[in-house]
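What follows is one structure encoded as structure tokens, with my remarks underneath.
The values are calculated or read from the model by the stated rules, or taken from the named source; none is laboratory data. Please read these numbers as outputs of a predicted model, since none were measured by experiment. Glycine also receives a Cβ, built like all others from the backbone with ideal geometry; neighbour counts cover every protein chain displayed. Accessible surface is based on the protein model in full, side chains and every heavy atom, while ligands, DNA and RNA are left aside. Shrake-Rupley method; radii C 1.70, N 1.55, O 1.52, S 1.80 Å.
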Amino acid sequence: MAAIEIEQLTKRYGPTLAVDGLSFTVEPGRIVGFLGPNGAGKTTTLRALLGLISATSGSATLGGRRFVELEDPVRTVGAVLDGGMLHPGRSGRNHLRMLAQGAGIGRGRVDELLGLVGLADSADRRAGGYSLGMRQRLGLAAALLGDPAVLVLDEPANGLDPQGIRWLRDFLRSLAAEGRAVLVSSHVLAEVTQTADEVVVIAKGRSVAQAPLSELLAARGGGTRVAGPDVERLAELLRADGAEVKPVGEGAIVVGDRNGEQVGRLIAEHGVVISELGAVSTSLEEIFFELTGEETSA
Amino acid sequence: MSRLIGAELLKLRTTRTGVALIASVVGIVVLVSALATFTGDFDSDEFNTVDLLGISGFAQPFALVLGILAVTSEFRHGTITPTLIAAPGRGRLLAAKLAANGLAGVLLGVVAVAVCSAIVLLGLSARGIETGLASGDVARVVAGQVVAGGLWAALGVGVGALIGNQVGAIVGALGWLFLVENLLRIVPGLGDQVEKYGINGASNGLGNLESQNTGEVLGQVGGGLLLAAYAVAFLLAGLLVLRSRDVTT
């Protein structure tokens, strides 16, 4: 059974569909990147999964059960939303203690986790003075209190410096290697590409892709872009040759399964006039922008 | 359930809010009861030891605010999210807050009435003035004030759950108690009812002695039950709102 299963989840706020028929699954031992631009519905989805908001329709379950029906939630799921909210007047250690207390978890585990996330030295300061990165680390510690098999992390890399992001990456890797299912959301693709086994990309509340990263690259990336006055004729020639051709805007095409040299030979053979020929970038960043319908910065 | 209550008690102990509320209550009660005891004109017919002991009632709005803060500060600082992720049962959360903060309210009442009666009884005896009270009377006033502290905190938990917004809940509750109810008391026909059955009236009944009561307010038991009924009503309404609420902070 999937560790996390989102099934036709829909959340409506008045006239706005924040999440619109979203479905995806997370299997044990996998890190799934949950990607989308800000406002795409990621946090709404995670809040529905964690029983904080009620879905308009559809379901979100953990091991087949709704979060609010779990017998021992802390030992089943660990989650951080919005960087882990803190009372500014309470120390990080006491924040963890109060959550641990409610679940019957002792002080030893709290101290252990504070060491694990590198907060042992600042744990007794009032949390109002914590940096965003420290809050994120404390949030992770809170999520791990009950040593859960499923982790749900909303933008955990926000506020982390490059060393922190590397630390987080290694940390998540080791958690998944222990067989945990990890769902980690982000609006910055680069944060998850080196961590996630697969990605779910959403835009405007709808899923636009769920696939392992390598498949996504193979299916979406690559190809050769050709532009010029005769591209339509070239397109016909290529199609006759069995190539996959996609028009991109005025006077340009992308050939999916031919490299530059192959296209060039065809051009020379038939005396076609072109003005541009180049390999299409295969960066995930651009696939992400293409999928989510956002402007590329290029 | 006892774990959740423990967690709520820990929340109370780990910020400065609880200490600040207790210190405020002690400060005000010491100041007002000392001024009244040592400067009051006790030769007049207005003299009434029960009224002096009633100064410990200054703890009540603080107990109310304590209860309100227990719920609303979770929304204000967003700690409601980690709280509910650790323990998603909202009814149980509210029950744990009721138990922990009701206890804290009782503690506020105990502190206030202890400080107040010590100053009043010692002060009067130092001035050689008869209190006119049997020890049983003092015990009844003390009990009433202690119970009132718990009930006001319970009422605050209900108001906090119902309104959610911290500023709105505090301004709304204190505005109703100190402004609206007092204004309603001057409305002919309605005024007597408000004085007797309003929230302040119920609390006044609880803190008064039957022997001193001339019928403007209910007796101690009646007043206590009415105040408890107000608390239960707000707690039930707050529970309904809390359970259906989308937590997005």
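A few comments on the model shown:
- Total residues in region A:57-84 satisfying the condition of being touching a residue at least 24 places away in the same chain (Cβ under 8 Å), open to solvent by 20 Å² or more (accessible area, probe 1.4 Å) and out of contact with any Phe, Trp or Tyr (no Cβ under 9 Å at 6 or more places or on another chain): the figure is 8.
- Restricting region B:27-46 to residues that are open to solvent by 50 Å² or more (accessible area, probe 1.4 Å) and in contact (Cβ under 8 Å) with a residue 12 or more places away in the chain, the residue that is farthest from the other protein chains (Cβ to nearest Cβ): B:Phe38
- Residue in region A:19-42 that is more than 20 Å from the chain's Cα centre (by Cα), in the same structural domain as A:Thr193 (by TED's automatic domain parsing) and of a type in the set (Phe, Trp, Tyr) present: no
- The criterion of at least 2 residues that are touching a helix residue (DSSP H, G or I) at 6+ places or on another chain (Cβ under 7 Å) and more than 14 Å from chain B (Cβ to nearest Cβ) is met by the following strands (runs of 3 or more DSSP E) wholly inside region A:7-79: A:31-35.
- Pairs linking a residue in region B:174-187 that is loosely packed, with under 14 Cβ neighbours inside 10 Å to a residue that is part of a helix (DSSP H, G or I) and not acidic (Asp, Glu), with Cβ atoms under 9 Å and 6 or more positions apart or on different chains, are B:Phe178/B:Pro61; B:Phe178/B:Asn200; B:Val187/B:Val194.
- Hey, B:Leu98 part of a helix (DSSP H, G or I), at pLDDT 95 or above, over 20 Å from the mean Cα position of the chain (by Cα) and under 30 Å from A:Leu46 (Cβ atoms) or not: no
- Flag for A:Ala227 being in contact (Cβ under 8 Å) with a residue 12 or more places away in the chain, assigned by TED's automatic domain parsing to the domain that holds A:Gly58 and open to solvent by less than 20 Å² (accessible area, probe 1.4 Å): no
- Considering the conditions (1) out of contact with any Leu (no Cβ under 8 Å at 6 or more places or on another chain); (2) among the β-branched types (Val, Ile, Thr); (3) at pLDDT below 75, A:Ile287 is excluded by exactly one of them, (1).
- Here B:Arg92 qualifies as within 13 Å of chain A (Cβ to nearest Cβ), open to solvent by 30 Å² or more (accessible area, probe 1.4 Å) and in a helix (DSSP H, G or I).
- Applying a threshold of 7 Å to beta carbon distances and a minimum spacing of six or more residues, or different chains, the list of pairs starting in region B:54-75 at a residue that is on the phi > 0 side of the Ramachandran plot and ending at one that is open to solvent by 10 Å² or more (accessible area, probe 1.4 Å) is empty.
- Some residue of region A:101-114 being crowded, with 22+ Cβ neighbours inside 10 Å and either hydroxyl-bearing (Ser, Thr, Tyr) or touching a Phe, Trp or Tyr at 6+ places or on another chain (Cβ under 7 Å) (or both): no
- Top-ranked residue in region B:76-89 [being touching a residue at least 40 places away in the same chain (Cβ under 8 Å), open to solvent by less than 10 Å² (accessible area, probe 1.4 Å) and facing chain A (nearest Cβ under 7 Å); ranked as nearest to B:Gln166 (Cα to Cα)]: B:Gly78
- Restricted to helices (runs of 4 or more DSSP H) entirely inside region B:137-249, those with at least 3 residues that are within 19 Å of the chain's Cα centre (by Cα) are B:166-175, B:190-197, B:199-206, B:220-244.
- Scanning region B:205-225 for residues that are at pLDDT 90 or above and open to solvent by 40 Å² or more (accessible area, probe 1.4 Å) yields a count of 2.
- From the list A:Val280, A:Val254, the one residue that fits, being surrounded by 15 or more Cβ atoms within 10 Å (Cβ to Cβ), of a type outside the set (Ser, Thr, Tyr), under 30 Å from A:Ala40 (Cα atoms) and at pLDDT below 75, is A:Val280.
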